[in-house]
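**Student:** A single structure is presented below for examination.
Rule-based calculations on the coordinates, nothing more; no lab input. From a predicted model like this one, the values you see are computed outputs, not experimental measurements. Every residue, glycine among them, receives a Cβ derived from its backbone with ideal geometry; neighbour counts consider all protein chains shown.
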């Protein structure tokens, strides 16, 4: 836990959460109001200047205004005009950051609207809203504009009443000064202010990369750098005019959630810039490094990531927002499910399918509800399906079986149909479109090139099958193989527009079974007609073994998040060249069996010009196990119960 010391009063945080409040006044919910029943005349709103909203503080006028809602003014006179108040009442924003002090305005404007079944939304004029702030001293609210101005630290809420409906928003005002990690000297800030500037002595960044795209709700991002002999560091986080200074003795920093949320909320849709300075150890000079820019996207990460762990020999789950992985289908939780691997989730996250690799036979299909994963729908014996994928409805699966692509029933495992396969060809690693009946898969040559096609297609093409009525048509070749290169593990984006896949280079002997170092990430439009685009920023460099791409469920707007496995370094926390102790260190490298693949996420810009690289530098998925090789980061809808 970071220590806070307020050398300067820089209030930087105002987080507003929509909640339900329970009182004897008008009916209310958390941003989802139904029509109130407080008047036998039906729903109504107050029009014109009936409330005499003069733009001043409203806390001391609350009682009079509530009487007006009953139809009578302070003297008993009827002053309201009754009109229908249809639609669902909303208040926005429900989360906001407001810097206060140091020249900051320290304000936030609330907007109240009514949303209708046809999707229309109409803003309610602020003058028609009955506003209140509790406790009164927390801040003032200008009734003419709906603008809240913070006045003191603490917790409370803003109340907005319109007609018989009332919304409340929790308000938390926190004053953050300079942040000191445990162990830093109490005069650290003064040391940096008074030290002379050094030359050619700056600490250098190791992680993350410049212009990495992160979602605004990401937690656990750990900044890492090489100290260059310093033993005291200051990180300056800047978003516009907002600045937070952070002091630490370490060469890593994981900002605590509260302060980090301030910064990412303020930077959403723009850039967060971090500048690093070092002091001490190498001398009395303060040495400033380069500024690290990060892109903070408004599109949050949602759901959960299910991945296969080599150390656990099973499937782990990390719900977004949680700080440790869960044992989902591993020997600890499901010893009866032998070596569950090659997994897939239904798009709604309610079902999981895995290839149970018993010895022998191999490749038995195991399907179960995610709520009760140890209770399969049917006995897996006799049902073969490698790398299964669910259809949009979640009642069918497509998987590999002897080089053929077969569709089975989720409830009983019965074979329904086979996709057409050209002569002398085999298919594998299929993926079903999230929205319609389209299937993409790797397509390779039969025979010696692919003796075990269900495990992986060597020197493959990317092909697509489309269902026309009751008949599957295809396959249409979207990506042809070049020379000795291969294409495999395709995956549809949630909007169906793109297909991500990995390409294996000619250096087939550079890796291990679960992560060939020559693999790289590529993208192709599902409509075809274009050459594939390499995700250069996400790939980082050659030899990183970037593979198994899987997309996140969409949350509306912004970037699409694409997870993958990689054997790149995670700063200096995981140096893949030193992944294990070996007798001959030069031979112990990321290209050998000792490297530990980890899960990384890149932001894909869906509006990038055709042919341009839509990816951003990737970030390491926080809280995964560093001591395991992690693969197939299947992403699905999930709400933790």
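**Student:** How are the C-alpha pair distances of region 208-276 spread across 10 Å bins, as whole percents from the shortest bin up?
**Tutor:** Reading upward from the zero bin: 19, 57, 23, 2.
**Student:** Okay, moving on. Relative contact order of region 366-482: what whole-number percent is it, with Cα pairs under 8 angstrom and at least 6 residues apart? Could the numbers behind the result be given before it?
**Tutor:** Details: 268 pairs, mean separation 21.3, N = 117.
The normalised contact order for region 366-482 reaches 18 percent.
**Student:** Report the FRET efficiency, 1/(1 + (r/R0)^6), for residue 534 and residue 116, where r is their Cβ-Cβ distance and R0 is 41 Å, rounded to 0.05. The partial results should precede the final answer.
**Tutor:** Values: r = 46 Å, r/R0 = 1.11.
My answer for the efficiency is 0.35.
**Student:** For region 369-458, what is the largest minus smallest coordinate of the Cα atoms on each principal axis, given in angstrom and ordered from greatest to least?
**Tutor:** Principal axes ranked by extent give 41, 30, 19 Å for the Cα atoms.
**Student:** While we're looking at this one, here's another question. Let's test this: bin the Cα-Cα distances of region 161-300 at 5 Å from zero up to the farthest pair and state each bin's percent.
**Tutor:** 2, 10, 18, 21, 18, 12, 8, 4, 2, 2, 2, 1, 1, 0
**Student:** May I ask for the distance between the Cα centers of region 106-140 and region 474-504, given as a whole number of Å?
**Tutor:** Between the Cα centres of region 106-140 and region 474-504 lies a distance of 49 Å.
**Student:** Taking only Cα atoms of region 422-478, what ratio of Rg to Rh do you get with Rh as the Kirkwood inverse-distance radius? List each step's numbers first, then the result.
**Tutor:** Numbers: Rg = 11.7 Å, Rh = 11.7 Å.
With Rg and the Kirkwood Rh in hand, the quotient comes to 1.00.
**Student:** If you don't mind, there's one more thing I want to ask. Ranked highest first by the average count of other Cβ atoms within 10 Å around their residues, in what order do 295-302, 630-637 fall? Before the final figure, lay out each step's value.
**Tutor:** Working: 295-302: 20.4, 630-637: 23.4.
Ranked from most to least packed, the peptides come out as 630-637, 295-302.
**Student:** Order of 449-459, 524-534 by packing, highest average Cβ count within 10 Å first?
**Tutor:** Per-residue mean Cβ counts within 10 Å order the peptides as 449-459, 524-534.
**Student:** Enter the per residue convex hull volume of region 126-186, computed from alpha-carbon coordinates, in Å³ rounded to the nearest integer. All intermediate terms of the calculation are to be shown ahead of the outcome.
**Tutor:** Numbers: hull volume 5.5 nm³, N = 61.
In region 126-186, the Cα hull volume divided by residue count equals 90 Å³.
**Student:** What is the calculated FRET efficiency for residue 152 to residue 236, with r their C-beta to C-beta distance and R₀ = 30 Å, to the nearest 0.05?
**Tutor:** 0.65
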